[in-house]
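Quick note: the coordinates plus some simple rules give every number you see, no bench work behind them. This is a predicted model, so every value here is computed, not measured. Ideal geometry is used to build each Cβ from the backbone, glycine not excepted, and the neighbour counts take in all protein chains shown.
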Amino acid sequence: MAASTEVEPKQLAVLEYKTVFGVKLQTPCDMEVEMVRTCIELGKKHLGELKNWQEEGNAAVQNMKDALDAKYGPHWTVIAGKHWGASITHDATHFINYVLGKDLNVTVRLVA
């Protein structure tokens, strides 16, 4: 008989969010506060005012990535959207996930 792959409830990670700099930030977040602020401000600037995601979304995400590369060095990844999920490997001090506005999920990480 095959072993069950069902996860016990106590093993499930519970996502918690705290309001930080005007967004719902997934915690724990081990990123430096200044870097958190930068990621959130860039998200608000480039993603917060989009009128048409289909036409402007890719450029907005690229602009946010380019700003992070310029400030902190290359290899940043920015993922933004409303209904998606991912399993991402990351360095805990270079990863942030937050909700901008009502339901725009933004994930930023440094690819080592």
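Our coupling estimate for region 20-36, obtained by passing each phi through the Karplus curve with A = 6.51, B = -1.76, C = 1.60 and θ = phi - 60°, is 9, 6, x, 10, 8, 9, 5, 10, x, 10, 9, 5, 4, 4, 5, 6, 4 Hz, Gly and Pro reported as x.
Across region 52-62, computed HN-Hα scalar couplings (Karplus, 6.51 cos²θ - 1.76 cosθ + 1.60, θ = phi - 60°) run 9, 4, 4, 8, 10, x, 4, 5, 5, 5, 4 Hz from first to last residue, x flagging Gly and Pro. When the listed pairs Lys45/Lys102; Lys71/Lys102; Lys18/Lys51 are checked against a 22 Å cut-off, the alpha-carbon distance exceeds it for Lys71/Lys102; Lys18/Lys51. Counting only residues at least eight positions apart within a chain, or on another chain, the aspartates and glutamates with an alpha carbon under 19 Å from that of Lys65 are Glu32, Glu34, Glu41, Glu49, Glu55, Glu56, Asp91.
What ranking do His83, His94 get, fewest neighbouring Cβ atoms within 10 angstrom at the top? Working shown, then result.
On the way: His83 6, His94 18.
Ascending Cβ contact count within 10 Å gives the list His83, His94.
Are there GluC sites (Glu not before Pro) in region 12-78 that DSSP marks as loop and that have at most 12 other Cβ atoms within 10 Å, and which are they? Intermediate results must be reported in sequence, preceding the final value.
Values: sites: Glu16, Glu32, Glu34, Glu41, Glu49, Glu55, Glu56; in loops: Glu32, Glu49.
Of the GluC sites (Glu not before Pro), the ones in loops of region 12-78 whose Cβ has at most 12 other Cβ atoms within 10 Å are Glu32, Glu49.
Please work out whether region 15-110 counts as rounded, prolate or oblate from its C-alpha gyration tensor, where a ≥ b ≥ c are the square roots of the eigenvalues and a/c under 1.5 means rounded, while otherwise a/b larger than b/c means prolate and anything else oblate?
Verdict is rounded for region 15-110.
Summing Cβ point charges (Lys, Arg +1; Asp, Glu -1) relative to the Cα centre of region 15-110 gives a dipole of roughly 240 debye.
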